[in-house]
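Before any comments, here is the structure.
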Amino acid sequence: MAREQQQRTELLFTRCPVIQKAYQLSLGLGDVFRICTSKEQAFKRLALWHNEVDASGIQSNTASQI
């Protein structure tokens, strides 16, 4: 990531932490598809990811509230 882009990202995440959390969760979901080699492993990791989403408190309509 370029230095300017990194600075903008840090500023955005500082001003709106819910965006940072949502971004981290999206990366976690990507990991499920990138890392898992079996359906069983993927279901387990997806369930763990889903628990993280629930624990985050982010609701599906959060973007419309920003």
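The values are calculated or read from the model by the stated rules, or taken from the named source; none is laboratory data. Keep in mind that this is a model prediction, so the values were computed, not measured. Cβ: placed from backbone, ideal geometry, glycine included. Neighbour counts: every protein chain shown. When the accessible area is computed, the model is the full protein with side chains, heavy atoms only, and any ligands, DNA or RNA have been set aside. Shrake-Rupley method; radii C 1.70, N 1.55, O 1.52, S 1.80 Å.
Miscellaneous remarks
- Residue that is nearest to the chain's Cα centre (by Cα), among those in the range 31-45 that are surrounded by 10 or more Cβ atoms within 10 Å (Cβ to Cβ), of a type outside the set (A, V, I, L, M) and assigned to a helix (DSSP H, G or I): ASP31
- Reported count of residues in the range 1-30, each being small (Gly, Ala, Ser) and open to solvent by 50 Å² or more (accessible area, probe 1.4 Å), is 2.
- Figure legend. Inter-residue proximity from the range 1-14: first residues more than 20 Å from LEU25 (Cα to Cα), second residues open to solvent by 90 Å² or more (accessible area, probe 1.4 Å), beta-carbon distance below 7 Å, spacing 6+ or different chains. No pairs are indicated.
- Qualifying residue in the range 32-54 (condition: touching a residue at least 12 places away in the same chain (Cβ under 8 Å) and of a type in the set (Lys, Arg)): yes
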